[in-house]
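Written out below as structure tokens is the structure these notes cover.
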Amino acid sequence: MSDRFDESSDETLGRRLSGELRRYTAPPRLRVTILDAASPPRRRPAWLAPLLAAAATTMLVALVVLPVLPRVVPADPVDRYMRAVVSEHARTLMWGARHSEILPAALPWLTQESGIALPQVFVGDERLEFVAAEPVYLERQRGVAIHYRDVDGHMLTYIALPAAAGLTIPEPNRVQIGRWRPALLRDSGFAAWVWKQKDVACFLISDMVSADDVETFKEYFARVRATTEPVPAY
Amino acid sequence: MADLEFERQALAHIDALYNFAMYLTKRPPDADDLVQETYLRAFRFSHRFQPGTHLRAWLFQILRNTFLTFYRVRERESPIAEDGVPEWDVPMFHHAPENDGTAMEAHTDLERAMRHLPEEFRTVLLLAEVEGLPLEEVARVMACPVGTVKSRIFRAKERLRGLLRDYETK
């Protein structure tokens with residue numbers, strides 16, 4: 001070996017370094033460890049954090065601002081009444097009447113609570129069964145609601161409210177039924193007869209929307225209209 | 001360069017980096033830590049790498065800088081404890097006694113002589129002669145002029161020859 005070192009020029013020594021010096025190989029687990037350690041931050045997209053932060057901020061702002069935003073309400077008084085009446089009828093279908101009172105025993109109490117007097121009221125017949133009567137509060141006005149169920153199981157709700165100024169029954173929707181001309185309006189899958197009786201706005205609403213049902217619905221209107229007379233009590 | 005593509009290209013040099021780390025740290029566990037830290041830094045700062053330049057030299061530069069950073073920390077910390085090891089932790093690249101079973105064992109006089117060279121000499125020989133990097137790349141890794149690299153190679157070989165002669169005479 002001594003010969004090799006004696007004659008070890010720079011070039012020879014360089015060859016020995018590249019050829020004889022032991023080379024260490026990385027253990028296989030090291031590559032796996034590196035990839036595992038690098039994976040979590042790399043696999044999370046850079047845009048994800050700002051996007052989530054923006055979404056959370058938007059939701060927070062929406063939660064704070066939405067309740068104070070002015071609600072979009074229909075400009076037409078009839079539409080506003082109609083929406084309120086539909087909501088009340090839908091509530092009754094889902095949850096039933098809040099109070100189940102017997103007519104005519106409850107009339108004094110109803111008049112006191114609703115501000116609507118009923119000198120005459122339809123209390124049911126062989127086709128329409130009286131279910132309940134209750135005071136309601138719709139469109140910032142007190143009123144009375146009377147619920148019926150027909151022999152086919154349809155629920156009907158009669159609602160009487162003090163007519164607001166400017167409440168006009170739409171002429172194009174008027175239908176001649178005997179000597180009366182109520183308007184037939186439709187909203188959210190329900191149909192309603194709308195009419196004014198002196199200073200009281202009246203509604204008879206049901207889910208009877210098909211052509212056949214509307215004919216029956218006309219008969220129900222006639223029965224209720226002929227025998228019910230709401231008047232403002234005060 | 002896409003992250004996955006960059007990782008694939010960088011990991012192709014893992015054996016060369018590990019070999020370099022073994023000759024720097026002299027202990028497999030420390031070499032593991034050094035290579036892993038090197039890659040994590042490379043991935044984190046991959047946007048700083050200029051495509052078209054020598055990726056392997058860039059990785060060697062990171063590895064050496066990481067080694068020097070921790071090595072110098074160890075050099076400053078070691079006097080704190082009587083046995084050279086701070087009690088709260090075992091510092092990275094602590095020079096454990098070579099008979100503790102974890103130190104790299106020298107198989108040849110050449111390897112033994114390399115281990116006794118100062119770091120600057122070891123590095124310049126490993127990069128220029130073993131890895132075959134151009135002198136310009138070696139200068140970049142070691143952050144010094146090319147002339148300094150040539151000078152260090154010359155002096156490193158002189159020292160290496162001297163060590164080999166000593167081993168031979170013993």
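Taking the alpha carbon gyration tensor of the range A:77-197, multiplying each eigenvalue by 5 and rooting it gives semi-axes of 22, 17, 15 Å, largest first.
Using a cutoff of 8 angstrom between alpha carbon atoms and counting only pairs six or more residues apart, the relative contact order for chain A works out to 16 percent. For a straight C-alpha distance cut-off of 23 angstrom, the lysines reachable from A:Lys218 (same-chain residues fewer than eight places away being disregarded) are A:Lys196, A:Lys198.
Among A:Arg80, A:Arg22, A:Arg142, which one moves the most in a GNM of chain A with springs linking Cα atoms closer than 10 Å? Comparing A:Arg80, A:Arg22, A:Arg142 in the GNM, the peak value goes to A:Arg22.
For A:Ala55 and A:Arg91, the FRET efficiency from 1/(1 + (r/R0)^6), where r spans their Cβ atoms and R0 equals 35 Å, is about 0.55. Charge tally for A:His89 (other residues, Cβ to Cβ under 12 Å; Lys, Arg +1; Asp, Glu -1): -1. Of the candidates A:Trp109, A:Trp47, A:Trp180, which one comes out as most mobile in a Gaussian network treatment of chain A with C-alpha springs shorter than 10 Å? Answer for the Gaussian network model of chain A: A:Trp47. In chain A, helical runs assigned H by DSSP with n ≥ 4 each contribute -39500 (n - 2.57); averaged across all residues and rounded to the nearest 500, the mean residue ellipticity at 222 nm is -13000 deg cm²/dmol.
Between A:Asp199, A:Asp150, A:Asp212, the residue with the greatest mean-square fluctuation in the GNM of chain A (Cα pairs under 10 Å linked by springs) is A:Asp212. Shown is the FRET efficiency for A:Ala62 and A:Ala233, computed with R0 = 41 Å from the Cβ-Cβ distance and rounded to the nearest 0.05: 0.40. For B:His47, A:His89, A:His154, A:His147, the sequence from fewest to most other C-beta atoms within 10 Å is B:His47, A:His154, A:His147, A:His89.
Per residue of B:3-10, other chain Cβ atoms within 10 Å of the residue Cβ number 1 on average. Counting neighbouring Cβ atoms within 10 Å and putting the fewest first, the residues A:Thr157, A:Thr33 line up as A:Thr33, A:Thr157. For B:Arg56, neighbours were defined as the other residues whose beta-carbon sits under 12 Å from its Cβ, and their charges (Lys and Arg +1, Asp and Glu -1) total -2.
Note on B:Lys170: lysines with a C-alpha under 22 Å away, same-chain residues under 8 apart excluded, are B:Lys157. Considering only alpha-carbon pairs that sit under 8 angstrom and 6 or more positions apart, the relative contact order computed for the range A:80-193 is 20 percent.
Each value in this text was obtained by applying a stated rule to the coordinates, not by laboratory testing. Note that this is a predicted model, so its numbers are computed, not measured. Virtual Cβ from ideal backbone geometry, glycine too; neighbours counted across all protein chains shown.
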